[in-house]
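Student: The structure under discussion is supplied below as structure tokens; questions concerning it will follow.
The values are calculated or read from the model by the stated rules, or taken from the named source; none is laboratory data. The structure displayed is predicted, hence computed values, not measured ones. Here the Cβ positions follow ideal geometry from the backbone for every residue, glycine too, while neighbour counts run over all protein chains shown. Quick note on the areas: whole protein, heavy atoms, side chains included, nothing else; ligands and nucleic acids left out. Shrake-Rupley method; radii C 1.70, N 1.55, O 1.52, S 1.80 Å.
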Amino acid sequence: VIDLRSLQLLGFEALVRWQHPVHGLVQPDEFIPIAEETGLISLIDNWVFNQACQQLIEWKKRFPDYESLKMSVNISAYDLYQSDLIEVIDELLNRTGLAGDSIILEITESILIEDIDQTVDLLNQLSSRKIQTCIDDFGTGYSSLSYLHSLPVQSLKVDRSFVSQMQVGNRNYQVVNSIIALGHQLDLIIVAEGIESQWHLQQLQQLNCQLGQGYFFSRPLTADAASSLLDAHKSISDSRQRL
């Protein structure tokens, strides 16, 4: 996740892949729906959450200049309304010593408004722990603007389907422009997915989009490759300071 104004690396989004011994690399759209149907999604989410937080702690220790680095983790509908979600998060934070403000939970908008009262209560509990919440894939599902202003969220993520198909003046461009403008009005941070070219970056900068991610910056990386990326960014920063 990149600051589109300074082009500084701010964090990562944790993605899950399944390295199957027979079928090779299996993408999440193939196994996540089955995991949700069978109830195994909670075990997968908990494992991803733990791995992501442990990795973030390791990076913060290894790269002191990235003390403010954040990790975004997706949370499913199944987990969002589990009665022990806050207990699971508290246990993880206490066990790892990770600060809540290092974590961003990404939740799709359709899930958030299924039970608005319960959602607001849950998000307030997360906010009290300084955990940020991001509405993921904003604009792709059922959007209720009447609820948006009452949800204690900190950011909106513009879906890649809009960003990757942007052309000046077309509908996707207008949708992106409108979401960014709406976010500014509500004092929310806007994150654009699907940035694949210099042109995408320039257009989003002109629209005052704060953050972004996509193949233009990097394809998904293993933890080791991401560590090398952090090391490279640090080396560039050190060189600039010496100059």
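Student: Once the convex hull of the C-alpha atoms of the chain is built, how many Å³ does it hold per residue, rounded to a whole number?
Tutor: For the chain, the hull spanned by Cα atoms encloses 146 Å³ per residue.
Student: With charges set only on the Cβ (+1 for Lys and Arg, -1 for Asp and Glu), what does the dipole of the chain come to about its Cα centre, in debye to the nearest 20?
Tutor: Charge dipole, the chain, about its Cα centre: 1180 debye, nearest 20.
Student: Using the crude model of +1 on Lys and Arg Cβ and -1 on Asp and Glu Cβ, and no other charge, please compute the dipole size for the range 1-123 relative to its Cα centre, in debye to 20.
Tutor: It works out to roughly 820 debye.
Student: Quick one: if you stick a label point 7 Å off each Cα along the C-beta vector at W47 and E91, how many nm between them?
Tutor: Once both label points are built, they end up 1.7 nm from each other.
Student: Please give the per residue accessible area of the range 12-106, computed with a probe of 1.4 Å over protein heavy atoms only, in Å².
Tutor: Value for the range 12-106: 56 Å² per residue.
Student: Springs between alpha-carbon pairs under 10 angstrom, Gaussian network model over the chain: which of I86, I189, I34 fluctuates most?
Tutor: The residue that fluctuates most here is I34.
Student: From the residues Q19, S68, N46, which one has its Cα farthest along the dipole of the range 5-106 in the positive direction, the dipole being from +1 and -1 charges on Cβ of Lys/Arg and Asp/Glu about the Cα centre?
Tutor: So the residue furthest toward the plus end is S68.
Student: Could you please state how large a percent of the accessible area of the chain is carbon and sulfur, counting protein chains only and using a 1.4 Å probe?
Tutor: On the chain, the fraction of accessible area on carbon and sulfur atoms equals 50 percent.
Student: Enumerate by residue number the trypsin sites (Lys or Arg not before Pro) in the range 1-101 meeting two conditions: DSSP loop (anything except H, G, I, E, B), and at most 13 other Cβ atoms within 10 Å of the site's Cβ.
Tutor: Loop-located and lightly packed - R5, R17.
Student: Any idea of the accessible area per residue across the range 131-173, 1.4 Å probe, to the nearest Å²?
Tutor: Heavy-atom SASA per residue in the range 131-173 reads 48 Å².
Student: Another one. Between V120, V73, V168, where does the largest GNM mean-square fluctuation fall for the chain, given springs only between Cα atoms within less than 10 Å?
Tutor: Comparing V120, V73, V168 in a Gaussian network model of the chain, the most mobile one is V168.
Student: For the chain, how many pairs of lysine residues have a Cα-Cα distance under 17 Å, where the two are 8 or more positions apart or belong to different chains?
Tutor: 7
Student: Same structure again: Find, among the chymotrypsin sites (Phe, Trp or Tyr not before Pro) in the range 41-118, those assigned to loop by DSSP (not H, G, I, E, B) with at most 16 other beta-carbon atoms within 10 angstrom.
Tutor: Answer by residue number: Y81.
Student: Same structure, new question: How do D117, D45 rank by accessible surface area computed with a 1.4 Å probe, from largest to smallest?
Tutor: Ranked list, largest accessible area first: D117, D45.
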